[in-house]
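Data first, discussion second: the structure below is written as structure tokens.
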Amino acid sequence: MDGIPPSAYRLPDGLSLGRVVLQVADLKRSLDFYQSVLGLRPLEHSEGRSTLGAHGGNLPLVELRERAGASPVPRGGRIGLYHFAILLPDRPALGRFVTHLSGWGFGLVLPTTW
């Protein structure tokens, strides 16, 4: 079945994933979002490309690459990145982040079974 990992397989404990690279149509607009809404900060910037990380660290988390004219994946489309996750250190930090997002007009539905 699509999206269900085999029951016997687990990723190795020592696994470390690198930065997420995203293709964007408008680098300035995307930088505004990742900095203002998600709170990331620029680490490197060159023509058509920016790398962002968390405040207080130098680990690259997201790289934005501008591709003029790139169009979003159509609703129900099967290509592109579906999501990536940023792990917050604890539940109070998650609560503060949800409050921050609601101030930007993002409504979230969180699981009640935590």
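The values are calculated or read from the model by the stated rules, or taken from the named source; none is laboratory data. Since we're looking at a predicted model, the values are computed, not measured. With ideal geometry, Cβ positions are generated from the backbone for all residues, glycine too; neighbour counts draw on all protein chains shown.
Tell me the residue from Ser30, Ser50 that is touching a strand residue (DSSP E or B) at 6+ places or on another chain (Cβ under 6 Å) and in a helix (DSSP H, G or I), please.
Selected residue: Ser30, the only one of Ser30, Ser50 that is touching a strand residue (DSSP E or B) at 6+ places or on another chain (Cβ under 6 Å) and in a helix (DSSP H, G or I).
Can you say whether Leu43 is within 28 Å of Gly105 (Cβ to Cβ) and modelled with pLDDT of 85 or more, as far as the supplied structure shows?
yes
So if I check each of Gly95, Gly48, Gly69, which one is at pLDDT below 90 and at positive phi?
Gly69
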